[in-house]
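K.L.:
Just passing along the structure, written as structure tokens.
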Amino acid sequence: MRKYWVAGGAGVGLVLCLLALLVVGTYSAAAGLMGAGGRALGLAKGAVPAAYQSLVQKWGALCPALSPALLAAQLYQESGWNPKAQSPAAAQGMAQFIPGTWATHGVDGNGDGKRDVWDPEDAIPSAASYDCDLAKYVKGASGDATSNMLAAYNAGAYRVIQYNGVPPYRETQNYVKTITTLAKSFEAPTGPVASSRQAAAAIYFAQKRLGTKYLWGGDGTADQGGRFDCSGLTKAAYHSVGIELPRVANDQWNAGPHPSRDQLLPGDLVFFAYDLKDPRTIHHVGIYVGGGYMINAPYTGAVIRFDKIDTPDYIGATRVTSDGAKALPSSGTA
């Protein structure tokens, strides 16, 4: 496990004294950022594994109804970037094509003369091509072209045409909302990222646990003595304000948009990774409190405490949203 620089006695005291001011002042000032700015078609730094970023960026611009962030959201939802993923229903590869659909819509993206469902250089272009084919099929339907494309992906183009837009199926409507919401965690913001209304209360929860001993796999239950590990603490903090995060740190990464370092606000989750170009290597998470500090459960033998976030393995931050958390795929408990 990584080691952290511990805030010394004076540093901790200063942070404790300033915590309320940081949370209230910075958080209140951020209220004016709600709803500000639009979003670019580019990808947020570190949001997509570097091995696939150029492919997603290129093929995500294949048609107007698609974007790199939307394509990234679909791939993440389908396989979690696993090129060898296979479902019980025989869906295969990173884009989870069933054999019949692949036979019709699979493309040779890298020009090697083969259409390989297990090769991301074919699977990613094929996913984009299939999306854009669907967008063409339903282009006459009323409403948003992207929503209609996603609805066709879920329910079939015929149903979108039949209902002249997104059909009234709960599963389809949820799918459209899930992918468009999840896409926000992959977009490169063009303006300030809206602040989380629950952030201050999440910090308050974590602050009350300062000094509690770390426990690997700890969820803070009574039989565990109220102890946490890093992602257990962040999950519990946001659970206290009605937002359910996944259990694992790198799954929490996509629970909302990614503010830059100079846009951080109290309550943002801050993440640390072994490979700064691959969010799948995230191994630690904390809750930002302002002034360059976070509250975190660092490692075995330590206690929940304040630490600086500016360490060599800092990969970025996530501004948690309720919809963003709901859009995440179900995950394990590692």
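The values are calculated or read from the model by the stated rules, or taken from the named source; none is laboratory data. Remember, it's a predicted structure, so these values are computed and weren't measured experimentally. Backbone-built Cβ (ideal geometry, glycine too); neighbour counts: all protein chains shown. The protein model used for the area step is the full one, side chains on, heavy atoms only, and it has no ligands, DNA or RNA in it. Shrake-Rupley method; radii C 1.70, N 1.55, O 1.52, S 1.80 Å.
K.L.:
Considering each of ALA128, ALA141 in turn, give the residue that is assigned by the TED database to the domain that holds GLN77 and either in a helix (DSSP H, G or I) or closer than 13 Å to GLN74 by Cα (or both).
P.N.:
Details: ALA141 fails: either in a helix (DSSP H, G or I) or closer than 13 Å to GLN74 by Cα (or both).
ALA128 is the lone residue from the list that is assigned by the TED database to the domain that holds GLN77 and either in a helix (DSSP H, G or I) or closer than 13 Å to GLN74 by Cα (or both).
K.L.:
Tally up the residues in the stretch 164-184 that are surrounded by 18 or more Cβ atoms within 10 Å (Cβ to Cβ) and modelled with pLDDT of 95 or more, please.
P.N.:
Result for the stretch 164-184: 11.
K.L.:
Right, here's the next one. Looking only at the stretch 201-219, which residues are within 24 Å of the chain's Cα centre (by Cα) and either of a type outside the set (Phe, Trp, Tyr) or over 19 Å from LEU245 (Cα atoms) (or both)?
P.N.:
ALA201, ALA202, ILE203, ALA206, GLY217, GLY218, ASP219
K.L.:
Here is a follow-up. Please work out if ALA199 is touching a helix residue (DSSP H, G or I) at 6+ places or on another chain (Cβ under 7 Å), at pLDDT below 95 and crowded, with 17+ Cβ neighbours inside 10 Å.
P.N.:
So ALA199 passes the test.
K.L.:
Go through the residues of the stretch 238-252 one by one and say whether even a single one is within 30 Å of GLY140 (Cβ to Cβ) and either surrounded by fewer than 20 Cβ atoms within 10 Å (Cβ to Cβ) or of a type in the set (A, V, I, L, M, F, W, C) (or both).
P.N.:
Quick first cut of the stretch 238-252, residues within 30 Å of GLY140 (Cβ to Cβ) only: none.
No, the stretch 238-252 contains no residue that is within 30 Å of GLY140 (Cβ to Cβ) and either surrounded by fewer than 20 Cβ atoms within 10 Å (Cβ to Cβ) or of a type in the set (A, V, I, L, M, F, W, C) (or both).
Condition check ((1) farther than 19 Å from ILE203 by Cα; (2) open to solvent by less than 10 Å² (accessible area, probe 1.4 Å)) across all residues:
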| residue | (1), (2) |
| --- | --- |
| HIS284 | no, yes |
| TYR288 | no, no |
| ASN296 | no, yes |
| LYS308 | no, no |
| TYR314 | yes, no |
| THR321 | no, no |
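K.L.:
With the requirement that a residue be polar (S, T, N, Q), in contact (Cβ under 8 Å) with a residue 12 or more places away in the chain and part of a helix (DSSP H, G or I), what does the stretch 54-84 give you?
P.N.:
Of everything in the stretch 54-84, those that are polar (S, T, N, Q), in contact (Cβ under 8 Å) with a residue 12 or more places away in the chain and part of a helix (DSSP H, G or I) turn out to be GLN57, GLN74, GLN77, SER79.
K.L.:
LYS139 fails exactly one of the following numbered conditions: (1) touching a Lys or Arg at 6+ places or on another chain (Cβ under 7 Å); (2) within 18 Å of ALA61 (Cβ to Cβ). What is the number of that condition?
P.N.:
For LYS139, the exception is condition (1).
K.L.:
Test of understanding: among ASP223, ASP275, which residue is over 14 Å from the mean Cα position of the chain (by Cα), at pLDDT 95 or above and not in a helix (DSSP H, G or I)?
P.N.:
ASP275
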